[in-house]
């Protein structure tokens, strides 16, 4: 009989587990031995992916900035990247359902779903990507000099203990007390430096009052020597951290031209940023540009100009000025990482802004509520300009051609509309949104078979209730009620609360002489959206034809009350009166 093989590790398993537990505990307890700033930045990158953690990310970045700037020596450009990243981290608004935003009330009207995800990332998402880019750069710079094992330990700590690393006050206070005891043995600039060292330690633990007090002691001993000027700089940082940006701006204005080299450009940025935080964007932006113009080869000055471009693009929606700034900056830093980022990411953001403005001008989401004759010609022309501006930046932007197609359609230029829509389809044959717009153009030009072909492709590529809704609508136009019913049911399967699809399914069922099912669908549409008028109207007609005049009268009276003159309501009420005799 064969003996079972023994696991030689089994007797040692409890010891191994105990050792690992002790090791993990040691790491968590002594995390301050590692680089807390780096661990926090890695954690912020991880949390940037979750929109519900953005406030936490901003808090981490603000605290990490103070950690860095309170060190005796720190990299000014890296600190500035952290501060800019914190300024870019803003809450992403919850996206509304496309159905809530863009559905129309017409029985046979197509719908176009041009959500933010189609037009681009949206302002906030684009800025979060910019923040991630800068944090990545700082993390790469910090991690580059670390041993591989230490870096892996940090990653393990983040996975095991995903919370912000705080400065251990128990470590800081003894250092402060020791320095305070030794103050009497120093004089002049040496004493100033000691006051500054104490101030930085208090700043590190966010004790702003004591930090400010020690800064003031340093300044008193000589406001114009190097230590005194640094003291003024830190007083500005403290004012800013405490939420007094105007006072901070005044301090940075006083000190910036007296500091040397990168410290000058860094202080210049702090002044500009403080004015922007106080609400004076005009003054702040002018200072950001002036900072760059005075020293264009400085990395901190380059970051100042980049920040100005972001504000013009995302906050002020001034794409021309933003484009001018980014082009100017790209010329100064050819081949650099910043140049690459401007060319491959920022240009997309500028183009996306033009696209958004173009579609907003067209009011494309309400496009089918109005006739071509009632469209605003001037706005259509302006929209064309926006789409052309987008194409100047990214010549192959298919959605810009689709936008031009819609603008030309509203301008009654059918040939140009079709040409632009087909060009968009040719550039991006797999892009469902461009296919949908081409289908829309085909539909409105009476090319129903081609429209059906396009929307079939869209429906097969997207899990989209609107795509199936549009396909079903086209089947109704063709008289293919079986095809329409199947497509409407597919739209409802994807979105069971799609009231318009229930209404139009009832309409298609009625045309297909499936009367009871039609009535059920129309009643379902009303239950989902009681103030939606079309299903009340359609149900009224269905009940009238079925001979249930009292029930039909009830629906038509409701419509007459909430929307006098709605469709043929008065005519049906008159017929019912004749039928009932009252």
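The values are calculated or read from the model by the stated rules, or taken from the named source; none is laboratory data. All of these numbers come straight from a predicted model, not from anything done at the bench. Please note: Cβ atoms are built from the backbone with ideal geometry, for glycine as well, and neighbour counts cover all protein chains shown.
Helices (runs of 4 or more DSSP H) wholly in segment 383-453 with at least 2 residues that are surrounded by fewer than 17 Cβ atoms within 10 Å (Cβ to Cβ) and over 25 Å from the mean Cα position of the chain (by Cα) - which ones?
414-427
Contact list please: Cβ distance under 6 Å, first residue in segment 401-421 and on the phi > 0 side of the Ramachandran plot, second residue surrounded by fewer than 24 Cβ atoms within 10 Å (Cβ to Cβ), pairs at least six apart or on different chains.
What qualifies is 412/372.
Please pick out the residue among 482, 449 that is outside the structural domain of residue 353 (by TED's automatic domain parsing) and modelled with pLDDT of 90 or more.
On inspection, the qualifying residue turns out to be 482.
Return yes when residue 513 is assigned to a loop (DSSP other than H, G, I, E, B) and either modelled with pLDDT of 90 or more or under 22 Å from residue 483 (Cα atoms) (or both) and no when it is not.
yes
Kindly indicate whether any position in segment 538-556 is within 25 Å of residue 469 (Cβ to Cβ) and in contact (Cβ under 8 Å) with a residue 40 or more places away in the chain.
Yes, segment 538-556 contains a residue that is within 25 Å of residue 469 (Cβ to Cβ) and in contact (Cβ under 8 Å) with a residue 40 or more places away in the chain.
Between a first residue in segment 290-303 that is at negative phi and a second residue that is in a helix (DSSP H, G or I) and surrounded by fewer than 17 Cβ atoms within 10 Å (Cβ to Cβ), which pairs have beta carbons less than 6 Å apart while being 6 or more apart in sequence or on different chains?
Listed by first residue and then by second, the contacts come to 296/332.
Taking segment 220-250, which residues are under 34 Å from the mean Cα position of the chain (by Cα) and in a loop (DSSP other than H, G, I, E, B)?
Scanning segment 220-250 gives 242, 243, 244.
Exactly one condition in (1) in the same structural domain as residue 258 (by TED's automatic domain parsing); (2) within 21 Å of the chain's Cα centre (by Cα) is not met by residue 355; state its number.
(1)
Residue check: is residue 508 modelled with pLDDT under 85 and either in a helix (DSSP H, G or I) or more than 29 Å from residue 531 (Cα to Cα) (or both)?
Here the answer is no, as residue 508 does not meet what is asked.
Given the criteria outside any loop (DSSP other than H, G, I, E, B), touching a residue at least 12 places away in the same chain (Cβ under 8 Å) and more than 26 Å from residue 498 (Cα to Cα), does residue 572 qualify?
yes
Taking residue 189 as the residue in question, decide whether it is at pLDDT 90 or above and in contact with a helix residue (DSSP H, G or I) (Cβ under 8 Å, 6 or more places away or on another chain).
So residue 189 passes the test.
Of all residues in segment 465-484, which are surrounded by fewer than 19 Cβ atoms within 10 Å (Cβ to Cβ) and assigned to a helix (DSSP H, G or I)?
Hits for segment 465-484 are 477, 478, 482, 483.
Which condition number does residue 531 fail, the rest of (1) assigned to a helix (DSSP H, G or I); (2) in contact (Cβ under 8 Å) with a residue 12 or more places away in the chain being met?
It fails just one condition, (1).
Can you find a residue in segment 259-266 that is out of contact with any helix residue (DSSP H, G or I) (no Cβ under 6 Å at 6 or more places or on another chain), surrounded by fewer than 17 Cβ atoms within 10 Å (Cβ to Cβ) and either in the same structural domain as residue 389 (by TED's automatic domain parsing) or in contact (Cβ under 8 Å) with a residue 40 or more places away in the chain (or both)?
No.
Going by what's in this entry, would residue 460 be described as closer than 28 Å to residue 345 by Cβ, without any contact (Cβ under 8 Å) to a residue 60 or more places away in the chain and part of a helix (DSSP H, G or I)?
For residue 460, the condition - closer than 28 Å to residue 345 by Cβ, without any contact (Cβ under 8 Å) to a residue 60 or more places away in the chain and part of a helix (DSSP H, G or I) - is not met.
Yes or no: segment 174-184 includes at least one residue that is touching a residue at least 24 places away in the same chain (Cβ under 8 Å), under 15 Å from residue 70 (Cα atoms) and in a helix (DSSP H, G or I).
Looking through segment 174-184, at least one residue is touching a residue at least 24 places away in the same chain (Cβ under 8 Å), under 15 Å from residue 70 (Cα atoms) and in a helix (DSSP H, G or I).
How many residues, within segment 534-569, are over 24 Å from residue 508 (Cα atoms) and part of a loop (DSSP other than H, G, I, E, B)?
Residues meeting the conditions: 3.
Hey, among 487, 525, 499, which residue is crowded, with 24+ Cβ neighbours inside 10 Å, modelled with pLDDT of 90 or more and more than 18 Å from residue 442 (Cβ to Cβ)?
Only one candidate qualifies: 525.
Residues of segment 276-312 being more than 11 Å from residue 329 (Cα to Cα) and assigned to a loop (DSSP other than H, G, I, E, B), which ones?
Result: 278, 279, 280, 295, 298.
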